[in-house]
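Single-structure report; data block below.
Nothing in this text is a laboratory measurement; each read-out follows from the coordinates by a stated rule. None of these values were measured; they are calculated from a predicted model. Cβ coordinates were reconstructed from backbone atoms using ideal geometry, including for glycine residues, and neighbour counts include every protein chain displayed.
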Amino acid sequence: MTHAVVAQDLGRWYGDVVGVSDISLELEGGVVGLLGANGAGKSTFLKLLVGELRPSRGSIRVLGEEPFANARLYRQLGFSPQQDALWSDLTARETLEFLLRVGGFARKVAVERAERALARVKLTDAADRRVGGFSKGMRQRVRIAQAIAHDPAFVVLDEPLNGLDPLARRDTLQLFRELGESGTHVLVSSHVLHEVEELTRTVLLLHRGRVLAQGPASEIRALLDRRPRRVAIRAREPRKLARALLSLDGVTSVRVGNDGELDVETSRLDELQARLPQIAAEERAGVRGFTVADASLDSLFDDLVGGAR
Amino acid sequence: MRALVSSSALLFAMHVPRLLRARRTLIVLILALGPAVIAWLASHLAKSPSPGELASNAGWLLILQVVVPLTGLVLGSAAVAEEVDDRTLTYLFTRPMPRAALLLGRFAAIAVVLTAILLIGVALFLLAASRARGEGEPLVAGIARPLLCATLLGGVVYAALAAALGAFVKHPMIVGLGYAFAIEGFLANLPGRNQLLTVQHHLRSWVAASGEPAWGRVESFQASGLLEGSTALVVLASITIGALVLGSWRLSRREFVMAA
């Protein structure tokens, strides 16, 4: 069976700056989430994958083909880049029809496919408006539409949920799921874990240009949940609350700041969240605020690779 | 080859209307109309020169040496560079089309629009020059026709050079202007074989080869050993084709790093 993507010792750098390094992997296909903090190398990896860039070292094959300037591959590939760039003086319909025609479709077929793709991203009503007047979210949807309009076997989407409102985000995730169910390989990059979790169970985790983990999203989530987390709690009676919290399972330290704010470290965030209302009521602590410190991927990466720095 | 032609035709068809709406085209139109305005002022305000003198002098010094390179470079440099600057190149280069189609299709559109603009500019210039009040040389076909042909051909040659430059360098207009006005302006006006390295020299040769005495007079301002008209024409055509072939070759191999 041909893997969707095979990378061998793949590296790419820009002068002295490393984009990605030592990436060796095989992706089976289906829907895969490419996860990484900003600057992790996701876009570089995707640009290598679609042949926008050449590797500085190693090799990459997509659907069995070397991607750089490979017309045979581009018939089977759809790419939605991260950059918010489109021909602003063209309408959404003109953009899609033009790209379909450049892709080798006859005029009539291009018209039909453009119409269908615009409907799939819910842009039919705005199809004849110039893209330059679109909101960021609408432009994002045009980019997604042009990536799927020719029914490619492999769709590569670089941060496709950026700029979308919650409703459009939900619809777009549903669209990606449908693509996956129809047998299309979908590779979606994101720096937000729960977005990827909503979409797929298969995650490729990049950090500083290297593959940190590859596997089920649940394992990444477990890593996130198991690591110690810091919580800031504001209360009317911080010292009484601090004493009570220390008895909780998973709480490893509680510090009372000069401003009366509690800094709690716990390895069982779920337990703390579940028990806090009851404890606060029993102690009459008057809880006024509860903030989980940075839960982003950056902090997870920091924890995962902290020792390696 | 069929894919190259059809993709180039699509890019041509897409780019012509976009060019007509572009600010860059308006700038080129203003530049092209400049000599006509100057000729109109000279015709109305000065008692000399004669129509023939005005057309040949201003045509040689202003149109061929300034307007033609400038307009060709301004429009031609957008062929590839605009897609790179706008970061829309990604969409084209991840489609199953020959990359050279971008250069060839957009160059063809630029050549058509530029030719139309220069045609209007030179026609108005000749009309204004024909009203000059000085006595002496009349404005005859032997002055008008070579000037018009050289202007249109020169525009296409410079546009091809600038378009091809876009496949090699990030800022083709700056490099092109540097070449046309610093290097070429210097080389073309020095006596010797170095003139052969310039587009200007071949354009002048082609104009002067028409045999019209007015061109011989103007040409004598500059210390140049001119070529046969047919030789000049072949070289200009070769420069255009060579630039496009070289640019296409480079475009099909070069990677463009697009910022997010």
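Here are some notes:
- Taking A:158, A:16 and counting other C-beta atoms within 10 Å, the order from fewest to most: A:16, A:158
- Value of relative contact order over chain B, rounded to a whole percent, pairs C-alpha under 8 Å and six or more apart: 27
- Ranking of A:136, A:108, A:47, A:122 by count of other Cβ atoms within 10 Å, fewest first: A:108, A:136, A:122, A:47
- Beta bridges assigned by DSSP with both partners in the protein assembly as shown are antiparallel in approximately 65 percent of cases.
- Near the amide H of residue A:91, within less than 5 Å, lie the amide hydrogens of A:131, all on another chain or at least 5 residues away, with H placed in the peptide plane.
- GluC sites (Glu not before Pro) restricted to DSSP loop in the range B:67-157 with at most 12 other C-beta within 10 Å: B:135
- Chain lengthening between residue B:85 and residue B:38 when straightened (0.36 nm per residue, less Cα-Cα): 13.4 nm
- Legend: calculated FRET efficiency, residue B:246 to residue A:288, from the Cβ-Cβ distance at R0 = 41 Å, rounded to 0.05, equals 0.05.
- Residues of type lysines that residue A:108 reaches as a straight line, Cα spacing below 30 Å, ignoring anything fewer than 8 places off in the same chain: A:122, A:136
- Helical segments meeting 30 Å axial Cα length and Kyte-Doolittle 0.5 threshold in chain B (DSSP H): B:23-45, B:100-129, B:141-165, B:229-251
- Scattering curve values for the protein assembly as shown, log₁₀ I(q)/I(0), Debye with Cα scatterers, q = 0.07, 0.08, 0.09, 0.10 Å⁻¹: -0.58, -0.69, -0.80, -0.90
- Cβ-based exposure ranking for A:101, B:21, in which fewest neighbours within 10 Å come first: B:21, A:101
- Shielding by other protein chains, B:82-94, mean Cβ within 10 Å: 6
- Counting Cβ atoms of other protein chains within 10 Å of each residue's Cβ and taking the mean over peptide B:8-15 gives 2.
- Relative contact order for the range B:36-121, counting Cα pairs under 8 Å that sit 6 or more residues apart, in percent: 32
- Over chain B: helical MRE at 222 nm, DSSP H runs n ≥ 4 each giving -39500 (n - 2.57), nearest 500: -22000 deg cm²/dmol
- Inter-chain shielding of A:140-152 (mean C-beta neighbours from other protein chains, 10 Å cut-off): 1
- Dipole of the protein assembly as shown, positive end: most advanced residue of B:8, A:279, B:171 [Cβ charges, Cα centre]: B:8
- For chain A, a crude dipole built from +1 on the beta carbon of Lys and Arg and -1 on the beta carbon of Asp and Glu, taken about the Cα centre, is about 380 debye to the nearest 20.
- Mean residue ellipticity at 222 nm, helices only, chain A: -11000 deg cm²/dmol; runs of at least 4 DSSP H residues each add -39,500 (n - 2.57), and the sum is divided by the number of residues.
- Positive end of the dipole of chain A (Cβ unit charges, origin at the Cα centre): among A:150, A:292, A:209, the Cα lying farthest that way belongs to A:150.
- Inter-label distance, residue B:237 to residue B:168: 2.4 nm, where each label sits 7 Å from its Cα along the C-beta direction.
- A crude spin-label estimate for the pair residue B:130 and residue B:24, with each label 7 Å from Cα along the Cβ direction, gives 3.4 nm.
- For the range A:179-218, applying the loop criterion from DSSP together with a ceiling of 16 other beta carbons within 10 Å to the trypsin sites (Lys or Arg not before Pro) yields A:201.
- Max mean-square fluctuation residue, GNM over chain A, Cα-Cα springs under 10 Å, options A:275, A:170, A:230: A:275
- Chain A: angle of helix A:92-102 to the longest principal axis, Cα-based, in degrees nearest 10: 50
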